[in-house]
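See below for the structure under consideration.
The values are calculated or read from the model by the stated rules, or taken from the named source; none is laboratory data. Everything numeric here is computed off the predicted structure, so don't read it as measured data. Glycine also receives a Cβ, built like all others from the backbone with ideal geometry; neighbour counts cover every protein chain displayed. The area values use the complete protein model at the heavy-atom level, side chains included, leaving out ligands, DNA and RNA. Shrake-Rupley method; radii C 1.70, N 1.55, O 1.52, S 1.80 Å.
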Amino acid sequence: MADAAGEAGLSSADAARRLHQLGPPPETSSRSVSSIVAGNVFTLFNLILGVFFVVVLSLGLFADALFGLIAIVNSYIGIRQEMKAKEVLDQLAVLVAPKASVVRDGRLHELLAEEVVPGDVVRVQPGDQLVADGEVIRSRGLTLDESLLTGESEGVRRVPGDRVLSGAFGIAGSGTYEVDAVRERSYAGKLAGEARAFRHPLSPLQEEVNRVLLAATWLMIPLAVLLLFALSVRHTDLHEAAQTATAGLITLIPEGLVLLMSVTLAVAAVRLARLDTLVQQISATEALAAVDTICIDKTGTLTDGELELASVEVADSANPAAAHDALASFASSAADRNRTLQAIADRYPAQPQDVSAEVPFSSQWKWSGLALDGRIYVLGAPDVLQQEGALELPPTLANTLRHQAEAGRRVLAFGEASGPLPRDPSADPPPPMTALALVVMEETLRADAAETLALMREQEVDLKLISGDARETVIAVAQEVGVPADAGVVDSTQLPDGELALADVAEENTIFCRIRPEQKSALVGALSAAGRFTAMIGDGVNDVPALKRARLAVAMGSGAQVTKGVADIVLLKDQFSRLPRAVGEGRRIARNIHRLGRLYMTKTVYAAALIVLVAIPGFAFPFLPRHLTLAALLTIGIPSFVLALAPSDGPLYRGRLLRALAAFAVPAGVAIAIASIASFFMVDTVFGGSLEDGRTAATTTLIVLGLCFVLLLERGPGREHIAIQSYMLALVAGLGALYALFLAAAPVRHFFDLSLLKAGQWFLALLSAAIGLVIASLLWRLPYIQRLEAPAAEPAREPAPTHEPASAAGSADGT
């Protein structure tokens, strides 16, 4: 394929030599190995665990240091899972990596950004992202969006001699530029470190879990002071004090919650990758759970993006060839061969002609114009041209326009202008024109569009159809895919200026017609500001501003380079039907992390209650660190890895996670603490058992109650109707049997400093567990606890978007 501009570019040999001189490209994957290791190893909780681990080992209490080994194993599992996810995602990321159309040996080649070298001639068209810096050689109305570099949203015209920078992208016209800086020497390369810092923002649930962890940390500080003070006042032996402090304070730490969140998100990203859905930001996997509003365009989302020329309705039926020839010349000579012009050129092939003036098509003004052989032609949206006073259709064409639009087809007006083309089409109107023909384009609806939208409604996700097409066309397509006939419809002229008023209009209506890119962005932003968690799906360059304003940006795999660059999630095979599955996966993740949060918060609460009961009344601490490690393994560690990946029927706690976790964990944790102390006291003191018997009874009560609460994780206050799954019963039964085997095996029993209980002692341990269940049940019924579980009266303010505009700048250099 020869380059239209005629530049020869570099030779293949010269390009290969320069590429060799550049050396291997820098690491551009979504997350480095070092950051994965650091994220799983260097945490506050691991630091605390490490300190206690060293202290216990230094005192020779090797059996009580088992928690340190488990922490190491957990970190390894987290690193391994994230590395697997990284490998899968990096392989898929190559499919959406920015590419450049480079002229070499006089022909166009599509290359990855890392393969471009200084001296290359690069062609730029709408949607192309600049992957290197350079100087413009040729321009036919080349207009760039440089907002990722300058913050200015207005497009900038570039002419020969102008310098262009990587990170910008074409929005109108076309041109070529010669590269002089690539990779880390380019503008985007210099900003890469800063840009990548924005590529790992926290999802809504991650922010809420961090608040839970912060609460646990603040709780631990005064309890640690209280416990250490009590041990000091009682002049407790050093070994016993170390064991008590380690057992109490280590149990306070919900260390596995962060690990399991990372593992869950990584596994979910791999699951979505198998569905040809690329997660470019790992936090976006869970952010899908928060989506309550989806904004979509018609073309490329509900339709397959392919345009076919249905017919050309000429004004002069006596001489149709004249209109056809003019239209053919227009399509073959335009610099920007978009899908509409390509469809016309395929039907009416012609030789390109010299162009003396040109206005490239833009979604902002919705028309294009060419000056050919002393004549000026305009092709654009009929209603827009009529509103600008540039077009008046004869009655026959006006009737054709109405009928074709009502049938859901896209109709363009083609005519000859009587005046020059404006220099600034964004500010000046098109010239007056005489209609020569109406061009009727037909799009094919995706076969799964109606079913997909129905599934989204079942998930209680609202739809906003935002399109640049005419009102009648959009309404016809919307009704064909199941949008109710009484859905609110608004066109661009009816949108108010104020954000609050715009939010009201966006909330009340479903279909938005003839919307310009800046209006689409404003609509998405207004919905987000009103508390909606919006996902924007786009494929074209005109969708980029809205994608950057959305809470979650989703791009089609066949979309423009820059669209995929700013997206959090890319549907690689353009399968819109994958989205409900992705949303469902996100919600499964959120529910599972909520379950894990209840489990770990319960552990923190019962540890806090035990410390208070030991420090203030002076009770003996009923556990050694090894007992709590064993209990945590059976009631939290093993169940966690099952619960993290299993299906869940529980509720979604948006913006109120800490309250909801407290509603379950406080009653459960307090009940475990009281029951364990009671079991220890009755066996050790009242009925004269040994200290070892008392601790075994307390450990047994703790494990039995812990397994009971594993079964009740999805029930609790207000959720008594949720059935207990059979796999949960099997899991709990298996873990109970495993504990019995530990007690029966003498080496294991002696290692954990446990004893074989007598029948009466077993009865007391199980009776204490039953009392604990009664206490938890009564506490769950308290009005205050019920209010904690209930949804808040006012919706919580949603967090910031899951992606930042700067991430696209990072994409410019291949990230």
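For the range 387-523, what is the percent of antiparallel DSSP beta bridges, rounded to the nearest 5? Please list the in-between numbers first.
Details: 8 of 13 bridges.
Percentage antiparallel, nearest 5: 60.
Here's how it looks for E306: its modeled amide H is under 5 Å from those of T444, which are all 5 or more places away or on a different chain.
Mind checking the per residue accessible area of the chain for me, 1.4 Å probe, whole number of Å²?
On the way: 32740 Å² over 815 residues.
On a per-residue basis, the chain sits at 40 Å².
Candidates M682, P667, S35 compared by Cα position along the dipole of the chain: farthest toward the positive end lies M682, with charges placed on Cβ.
Amide H to amide H, with H built 1.01 Å from N, G175 comes under 5 Å of V124, R140, counting only residues 5 or more places away or on other chains. Note on the range 758-792 and the range 475-522: Cα centroid distance 52 Å, given to the nearest whole angstrom.
Dividing the mean sequence gap of close Cα pairs (under 8 Å, 6+ apart) by how many residues the range 289-422 holds gives a relative contact order of 19 percent.
From a point 7 Å beyond the Cα of Q387 in the direction of its Cβ, which residues of the range 415-452 have a backbone N at a distance under 17 Å? Answer for this model: 425-431.
Which of the three applies to the range 525-593, rounded, prolate or oblate, going by the alpha-carbon gyration tensor with a ≥ b ≥ c and a/c under 1.5 meaning rounded? Verdict is oblate for the range 525-593.
A simple packing score, the average count of other Cβ atoms within 10 Å per residue, orders the peptides 352-364, 218-230 as 352-364, 218-230, with the highest score first. Working note: Karplus 6.51/-1.76/1.60 with θ = phi - 60° gives the range 690-704 the couplings 6, 4, 5, 5, x, 5, 5, 5, 4, 5, 4, 4, 4, 5, 4 Hz, where Gly and Pro are set to x. Heavy-atom accessible surface of H403, to the nearest 10 Å², is about 110 Å², with a 1.4 Å probe and all protein chains retained.
Axis angle, to the nearest 10 degrees, between helix 12-22 and the longest C-alpha principal axis of the chain: 30 degrees.
Shown in residue order for the range 473-481 are the 3J(HN,Hα) couplings computed by the Karplus curve 6.51 cos²θ - 1.76 cosθ + 1.60 at θ = phi - 60°: 5, 5, 4, 4, 5, 4, 5, 5, 9 Hz (x for Gly and Pro). Only Cα pairs under 8 Å and 6+ residues apart enter the sum, and on that basis the relative contact order of the chain stands at 16 percent.
These residues, F752, F664, F62, F42, go from largest to smallest accessible area, 1.4 Å probe, as F42, F62, F752, F664.
Which entries of K84/K548; K464/K603; K548/K603; K84/K298 show an alpha-carbon separation above 32 angstrom in the structure shown? Please report the intermediate quantities before stating the final value.
Numbers: K84/K548 29 Å; K464/K603 43 Å; K548/K603 41 Å; K84/K298 36 Å.
The answer is K464/K603; K548/K603; K84/K298.
Taking all protein chains as they are arranged and a probe of 1.4 Å, the heavy atoms of Y784 leave approximately 140 Å² accessible to solvent. Using the rule -39500 (n - 2.57) for each DSSP H run of four or more residues, divided by the residues of the chain, the 222 nm mean residue ellipticity is -15500 deg cm²/dmol.
Compute the relative contact order of the range 490-629 as a whole-number percentage, counting only Cα pairs closer than 8 Å that sit 6 or more residues apart in sequence. Numbers along the way, then the final one.
Numbers: 154 pairs, mean separation 17.9, N = 140.
About 13 percent, as a whole number.
Identify which of the listed values of Kirkwood radius over Cα pairs in Å was calculated from the structure shown: (i) 30.0; (ii) 35.0; (iii) 28.4. Computed from the coordinates, Kirkwood radius over Cα pairs in Å corresponds to (i). Taking the charge dipole of the chain about its Cα centre, with +1 at Lys and Arg Cβ atoms and -1 at Asp and Glu Cβ atoms, the residue from G419, T696, T277 reaching farthest to the positive side is T696. Ordering G50, L643, A529 by the projection of their Cα atoms onto the charge dipole of the chain, which places +1 on the Cβ of Lys and Arg and -1 on the Cβ of Asp and Glu, puts G50 at the extreme positive end. Helix 759-780 and the long axis of the chain differ in direction by around 40°, with both axes built from C-alpha atoms.
In this structure, the amide hydrogen of D574, modeled 1.01 Å from its nitrogen in the peptide plane, lies closer than 5 angstrom to those of G557, S558, counting only residues at least 5 positions away or on a different chain. Heavy-atom accessible area for L372, with the other protein chains in place and a 1.4 Å probe, reaches approximately 10 Å². Each Lys and Arg contributes +1 and each Asp and Glu -1, all at the Cβ; summed about the Cα centre of the range 462-539, the dipole is approximately 160 debye.
The Cα center of the range 310-347 and the Cα center of the range 614-691 differ in position by 75 Å. Between D14 and D276, the simple label model (points 7 Å from Cα in the Cβ direction) yields a spacing of 4.1 nm. Placing unit charges on the Cβ atoms only, positive for Lys and Arg and negative for Asp and Glu, gives the chain a dipole magnitude near 3160 debye about its Cα centre. Shown for the chain: the carbon plus sulfur share of the solvent-accessible area, taken with all protein chains present and a 1.4 angstrom probe, equals 58%.
Computed from phi, the 3J(HN,Hα) profile of the range 370-379 under the Karplus parametrisation 6.51, -1.76, 1.60 (θ = phi - 60°) reads 9, 9, 10, 6, x, 10, 10, 10, 10, 10 Hz, with x in place of Gly and Pro.
Antiparallel beta bridges, as assigned by DSSP with both residues in the chain, represent about 75 percent of the total such bridges.
How do E87, E286, E313, E178 stack up against each other in accessible area, from largest to smallest, with a 1.4 angstrom probe? Walk me through the numbers on the way to the answer.
Details: E87 115, E286 10, E313 65, E178 90 Å².
Reading off the accessible areas and sorting them downward yields E87, E178, E313, E286.
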